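J.: Here you go, one structure.
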């Protein structure tokens with residue numbers, strides 16, 4: 001898989017990596033976990049789909065599965081969570097991010113590991129299509 005990491009900590013910097021293994025992806029995610037506003041974009045070696053975007057905000061994460069040009073799914077962190085929280089995603093402050101989509105490090109690592117192992121997402125479980133539902 002290919003990985004692009006966008007760092008926004010002090011200034012914008014991008015890393016592009018090719019042929020990344022599941023173990024390397026886990027190492028990368030652990031390394032950037034403390035950053036604010038960084039994103040990881042993980043794609044297959046060939047093609048664009050499916051792909052995974054993990055946003056990092058100081059040990060809080062969101063994960064978006066992109067399974068096609070118009071098919072985006074957000075991973076639930078705590079389905080029972082209510083309300084919103086402020087997150088920095090992609091260097092931008094999001095004042096009202098739905099709390100139910102916030103992941104902890106272990107959940108983010110599991111999402112990345114599952115995708116790295118299969119190259120797919122089990123969207124029937126713990127994923128919500130963007131634009132559908134509250």
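J.: In region 100-109, what residues are in contact with a strand residue (DSSP E or B) (Cβ under 9 Å, 6 or more places away or on another chain) and either farther than 19 Å from residue 38 by Cβ or surrounded by fewer than 11 Cβ atoms within 10 Å (Cβ to Cβ) (or both)?
T.: 100
J.: Only one of these conditions is not met by residue 124: (1) within 20 Å of residue 32 (Cβ to Cβ); (2) free of Cβ contacts under 8 Å to residues at least 12 places away in the same chain; (3) not in a strand (DSSP E or B). Which number is it?
T.: (1)
J.: Residues 112, 97, 65, 86: which one is in a strand (DSSP E or B), touching a strand residue (DSSP E or B) at 6+ places or on another chain (Cβ under 8 Å) and touching a residue at least 60 places away in the same chain (Cβ under 8 Å)? Walk me through it before giving the result.
T.: Details: 112 fails: in a strand (DSSP E or B); 97 fails: touching a residue at least 60 places away in the same chain (Cβ under 8 Å); 86 fails: touching a residue at least 60 places away in the same chain (Cβ under 8 Å).
Criteria check complete, one pass: 65.
J.: Take the residues in region 120-134 that are within 28 Å of residue 19 (Cα to Cα) and surrounded by 14 or more Cβ atoms within 10 Å (Cβ to Cβ), then tell me which one is modelled with the highest pLDDT.
T.: Checking each candidate, the answer is 127.
J.: I'm checking my understanding of the structure. Among residues of region 26-42 that are assigned to a strand (DSSP E or B) and surrounded by fewer than 20 Cβ atoms within 10 Å (Cβ to Cβ), which one is modelled with the lowest pLDDT? Break it down into steps so the answer makes sense when it comes.
T.: Step one: filter region 26-42 for residues assigned to a strand (DSSP E or B), giving 36-42.
If we keep only those that are surrounded by fewer than 20 Cβ atoms within 10 Å (Cβ to Cβ) as well, we get 36, 41.
Details: 36: 91, 41: 95.
Restricting to residues being assigned to a strand (DSSP E or B) and surrounded by fewer than 20 Cβ atoms within 10 Å (Cβ to Cβ), the top hit is 36.
J.: Could we say that residue 55 is touching a residue at least 60 places away in the same chain (Cβ under 8 Å) and under 10 Å from the mean Cα position of the chain (by Cα) here?
T.: When the stated conditions are applied, residue 55 does not pass them.
J.: Still on this structure, I have one more. In this structure, is residue 92 loosely packed, with under 14 Cβ neighbours inside 10 Å and touching a residue at least 24 places away in the same chain (Cβ under 8 Å)?
T.: Numbers: loosely packed, with under 14 Cβ neighbours inside 10 Å: yes; touching a residue at least 24 places away in the same chain (Cβ under 8 Å): yes.
Yes: the conditions hold for residue 92.
The values are calculated or read from the model by the stated rules, or taken from the named source; none is laboratory data. None of the values given here were measured: they were computed from a predicted structure. We place every Cβ from the backbone using ideal geometry, glycine too, and count neighbours over all the protein chains shown.
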